[in-house]
Amino acid sequence: MHKLFVRGVAAAFLASAAIVAPLSAQAADGNIVELAQGTESLSTLTQAVVAGGLVDTLAGEGPFTVFAPTNDAFAALPDGTVDTLLQPENQDQLQAVLTYHVVSGEVTAAALVEQIEAAGGTLEIETVQGATLSAMIEGDAVMLRDQAGNTVTVTATDIDATNGVVHVIDGVLLPTAG
């Protein structure tokens, strides 16, 4: 019965990929940066990647898994946060935030659901930034929790790029300072 539940969650989670089907076709020929650059709802992320000096890294060989916050996710941060992070003197902090959304290797939605299940319901994921995220299933959704305790929902999955995969999220993940 438990396997049936996981299959149901995986099916609902994977169904979200249909939302971005046009992106998937477009992304198949481009890398993660090109995917973001060609997606209006990821324009703030693209701006941040450029300001953070991470274009060459995220356009590199990979593979990478990127949990990509939407423009609305960035807009939900406290007033002035994005503008402050984009200032050249804050590049290190911006890089820490951005690389906290990146995992080394390609982790598909199905693999993520399987790994969460195998971990007993909560999976600790090490990010390129060096800190961890927690992934769990709540209802039919995969959720990510950052070190500060903020929880975001994965809203679209398995957007393929030539150097990895992108999963869209509805919030910005923040590593704790330290």
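Couplings 3J(HN,Hα) for the stretch 49-57, derived from phi with the Karplus relation 6.51 cos²θ - 1.76 cosθ + 1.60 (θ = phi - 60°), are 4, 5, 4, x, x, 10, 4, 4, 5 Hz, where x marks Gly and Pro.
First check a/c for the stretch 25-90, with a ≥ b ≥ c the square roots of the eigenvalues of its C-alpha gyration tensor; if it is under 1.5, answer rounded, and if not, answer prolate when a/b is larger than b/c or oblate otherwise. Judged from the Cα gyration tensor, the stretch 25-90 comes out oblate (a/c at least 1.5, b/c at or above a/b). Taking 0.36 nm per residue of separation and subtracting the Cα-Cα distance, full extension of the segment from Asp56 to Asp170 would add 38.5 nm.
Please state the shape class of the stretch 129-178: rounded when a/c is under 1.5, otherwise prolate if a/b exceeds b/c and oblate if not, all from the C-alpha gyration tensor. Verdict is oblate for the stretch 129-178. Fewest-first ordering of Ile125, Ile32 by other beta carbons within 10 Å of each residue's beta carbon gives Ile125, Ile32.
No lab work stands behind these numbers, since they all come straight from the coordinates. Because the structure is a prediction, the values reported are computed rather than measured. Don't worry about glycine lacking a Cβ; one is built from the backbone with ideal geometry, like all the others, and counts go over all protein chains shown.
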